[in-house]
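The structure under discussion appears below in the form of structure tokens.
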Amino acid sequence: MTPADLAAAPTLPPGLSPEAQALWHAKKGNWEQSHNIAQDIHTKHGSWIHALLHLIEGDVGNAHYWFAKAGKSAVKIAEIEELWQEIATEILDHE
């Protein structure tokens, strides 16, 4: 599955990792569901997704905390789409 496939899926595809599920929900505007999933992913990928979600929310300070936990450079709110693509590419390459 590619990031474009994930983004275009009208319903949650079966068999996805929690990381990919969180990304799908984020893309569909289901922030709360995505955040609930991300909170239970205690890895650098989970922290990276968490950073994305707080950028979407507009909470830049909290996003910076999660970027640091993920070991990633922070990005600006204007770069949310590119960030989603970057994270999705990395996650889906490991599915």
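The values are calculated or read from the model by the stated rules, or taken from the named source; none is laboratory data. This structure is a prediction, so every number in the text was calculated from the model and none was measured. All Cβ positions, glycine included, derive from the backbone under ideal geometry; neighbour counts span all protein chains shown.
To keep it simple, each residue is scored yes or no on (1) under 19 Å from Thr89 (Cα atoms); (2) modelled with pLDDT under 95; (3) in a helix (DSSP H, G or I).
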site	(1), (2), (3)
Gln33	no, no, yes
Gly46	yes, no, yes
Ala51	yes, no, yes
His54	no, no, yes
Gly61	no, no, yes
Phe67	yes, no, yes
Ser73	yes, no, no
Glu79	yes, no, yes
Hits in the stretch 1-37 - residues which are surrounded by 15 or more Cβ atoms within 10 Å (Cβ to Cβ) and of a type in the set (Phe, Trp, Tyr): Trp24
